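The values are calculated or read from the model by the stated rules, or taken from the named source; none is laboratory data. Because the structure is predicted, anything quoted here is derived from the model rather than measured. As a convention, Cβ positions derive from the backbone with ideal geometry for all residues, glycine included, and neighbour counts pool all protein chains shown.
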Amino acid sequence: MNADPLRSQAAALLGGAGNAALTIARHVPTRVLLWALLGLGAGLLADGLCLLLGWLTLPGGAADLLRGPRLAVFVLVPLAGLFLFGLHGMNRGVARAALALEAQWGLVRQVVDRVIDLLQQQLGTRLANLPLATLEEKLKQAIRSYLGSEETDRGRGLFAWVLRKARRLVTEKVETWLLRAFRAEQGAQGGGGIDLEKVRISAVEQLGAHLQELVAGPLNGQLALLLLLFFGLGTGWYHLGLGLLALFR
């Protein structure tokens, strides 16, 4: 692999190679705005639930929760929703961009190729009886070298930022799947020499097939936590209000 595919790809994309690149870049701001508005709505809904419970249970009604410093709770909750859901939207936009880059330009293959290329510079093309711990350390070094290289920081502007974030997101998954492919190849060879080309092909196929669930899984967990915070624990804001009410009486 004498040519550097990532370098040529970045030059093409960041040089304005096509409208598709700009479309991918718009995944992030669109989702940030959408999810920030949803977060604002979630915060307002939590406030509304809190006020409803106050109206139903407090002697002075919901007005008791809106006096003095207690009012700050109802101001901060929607603002927290705006920020936290907006951050979640940014993460979703980057994940969507990574999936789009994989579909259009084979981002997984390019990242794996580059990491394997760096690994080959240290170990050669075929490994014999290499301890897994040694390979893991060399692999981590190759990934750190790749992430610290100029090609991962090339270009300015929104699309360049999205491309860097998407590439880093994929790179974070590469180590696990390369090690898995190495173990499988090692088992198939019965402990003999390991062909890095076979490892590369296996890692590209497996990581590419599972990329969507790998990038979406953590985001779904993050969303579940936010929903629990603003809906499942919506009454928590009410109880916080009650605590503050009792404190200042």
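Can you tell me which residue in segment 46-60 is modelled with the lowest pLDDT, limited to those that are farther than 12 Å from PHE74 by Cβ and surrounded by 15 or more Cβ atoms within 10 Å (Cβ to Cβ)?
LEU58
Restricting to segment 47-103, name every residue that is closer than 30 Å to GLU213 by Cα and among the polar types (S, T, N, Q).
ASN91
Please identify the pairs in which a residue from segment 203-223 that is more than 16 Å from GLY93 (Cα to Cα) has its Cβ atom under 9 Å from the Cβ atom of a residue that is not in a helix (DSSP H, G or I), counting only partners at least 6 apart or on another chain.
Between residues of segment 203-223 that are more than 16 Å from GLY93 (Cα to Cα) and residues that are not in a helix (DSSP H, G or I), the close pairs are VAL204/GLY106; GLY208/GLY106.
I'd like the full set of residues that are without any contact (Cβ under 8 Å) to a residue 40 or more places away in the chain and in a helix (DSSP H, G or I), limited to segment 52-73.
LEU52, TRP55, LEU56, THR57, GLY61, ALA62, ALA63, LEU66, LEU71, ALA72, listed by residue number.
Go through segment 77-96 and report how many residues are of a type in the set (Gly, Ala, Ser), within 21 Å of LEU51 (Cβ to Cβ) and in contact with a Phe, Trp or Tyr (Cβ under 8 Å, 6 or more places away or on another chain).
Summing the residues that are of a type in the set (Gly, Ala, Ser), within 21 Å of LEU51 (Cβ to Cβ) and in contact with a Phe, Trp or Tyr (Cβ under 8 Å, 6 or more places away or on another chain) in segment 77-96 gives 1.
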